[in-house]
Structures are given as structure tokens and as C-alpha cells.
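**Student:** The structure is given below, and queries will be raised subsequently.
The values are calculated or read from the model by the stated rules, or taken from the named source; none is laboratory data. Being a predicted model, the structure only gives us computed values, none of them experimental. When we count neighbours, we look across all protein chains shown, and the Cβ atoms used for this are built from the backbone with ideal geometry, even at glycine.
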Amino acid sequence: MTVATNVLVGVATLSFRHPVGGTWVGVGYTEDGVTFEYSADTADIETEEETFPIARVITKETLTVTCNMAESSLNNIDKAIAGSVLAGNTITIGGGRIKEMSIRIVGRNPAGFARTIEIPLATATGTVGMAYRKGAKTVVPVSFQALRGVGPVCTITDSTV
């Protein structure tokens, strides 16, 4: 059965916690929202006697959160660049040091209450670039990928109030 009220419309907020266990800090405004992507690579278990696979197993899982941060604060830039270090008002790059952090997305569920996606352990990945153009905002692109830590890799929770 189709239910129109189950169609989600609207934005979500993205926050990170660095170091892990620290205080949640929101990234502020974004361009084009926040994207949550999960993928699984699988392998079919086949036998000589069957034409269809008799089972399927997951061989690799990837969970990625991406967004374009419209607020180009040093804190946001630091979290987007995997190998950066923020000290005071200066970011240095090139030490080969990766930052582990927690990621949280909060949007709305079909009932209109909070839906929280929490990834306890993740790192920034991918390419970060910033363009400065006349008459255009500078956005900071970021991708975070989940890591296996203690407990679940990700939880998605719908509030009922």
C-alpha cells in the first residue's frame, strides 16, 4: 500500500564529535543537504548441482556520509581534511595523521519526529577543494566513511515524541 505521509521532505542537520566522545558540533548550513549511502559487496555461494546460488554472503560494507558545508569555518575545514591539524587559528596539512570522529545526522521521520542516524567511528575521506568566486559562496565538500569500532557501526533511530 502506498502512503503519501511516508514520503520524507526536508533537511537534516549534520554534527561531528572530535575527538570521539567529545562534544557534538554542528556543521551549520549546507549546500544540497546531507547524503547517507550504504553499499554491500556480495559473493554468491554456488554449487555444481544448482543453477541458482544457494546462498549469498556480504564480503564488504561501506557507509558514507557526504555534504557540501556552506560554512567555511576553520573547524569545518579541519574536519573535512583527513590529514589536517587545527591549532588555534591555523590548520596545517601534511603530517599523514588521520582524525577519528563520530558523525550524527538528525532529520524528520514520517511521523514528523526526529530520525537520528549515528555513526560512532568515522574518518574524513576523499578530495577537499574550495573555490573562491565573485558572487558565489565557497563551500567545503566532505565525505565521511564509517569504521568498525566497538558496538554497531551505525544506528538509525526514530523518535516517537
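**Student:** V9 - would you say it is closer than 19 Å to T157 by Cα and in a strand (DSSP E or B)?
**Tutor:** So V9 does not fit the description; no.
**Student:** Sort out which residues of the range 49-79 are part of a helix (DSSP H, G or I), among the polar types (S, T, N, Q) and over 18 Å from T35 (Cα atoms), and write them in order of number.
**Tutor:** N75
**Student:** Could you grab me the full set of residues in the range 126-161 that are closer than 21 Å to G28 by Cβ, under 13 Å from the mean Cα position of the chain (by Cα) and part of a strand (DSSP E or B)?
**Tutor:** Within the range 126-161, P141, V142, S143, F144 meet the criteria.
**Student:** Is it the case, given these coordinates, that S159 is crowded, with 17+ Cβ neighbours inside 10 Å and of a type in the set (S, T, N, Q)?
**Tutor:** No; evaluated as a whole, the condition is false for this residue.
**Student:** Could you please give the count of residues in the range 117-136 that are surrounded by 13 or more Cβ atoms within 10 Å (Cβ to Cβ) and modelled with pLDDT of 90 or more?
**Tutor:** Result for the range 117-136: 10.
**Student:** Tally the residues that are surrounded by 13 or more Cβ atoms within 10 Å (Cβ to Cβ), over 16 Å from F36 (Cβ atoms) and among the small types (G, A, S), restricting the search to the range 80-116.
**Tutor:** Summing the residues that are surrounded by 13 or more Cβ atoms within 10 Å (Cβ to Cβ), over 16 Å from F36 (Cβ atoms) and among the small types (G, A, S) in the range 80-116 gives 5.
**Student:** Give me the residue from the range 3-49 that is acidic (D, E) and touching a strand residue (DSSP E or B) at 6+ places or on another chain (Cβ under 8 Å) and, out of that set, farthest from P141 (Cα to Cα).
**Tutor:** Taking the candidates together, the pick is D44.
**Student:** Here is a further query. Which residue is surrounded by the most Cβ atoms within 10 Å (Cβ to Cβ), if the candidates are limited to the range 48-79 and must be aliphatic (A, V, I, L, M) and over 17 Å from the mean Cα position of the chain (by Cα)?
**Tutor:** That would be L74.
**Student:** Do any residues in the range 52-74 that are closer than 30 Å to R133 by Cβ have Cβ atoms under 7 Å from those of residues that are exposed (fewer than 12 other Cβ atoms within 10 Å of the Cβ) and modelled with pLDDT of 95 or more, where the two are at least six apart or on different chains, and which pairs are they?
**Tutor:** Final answer for the pair search is T64/E37; L74/N89.
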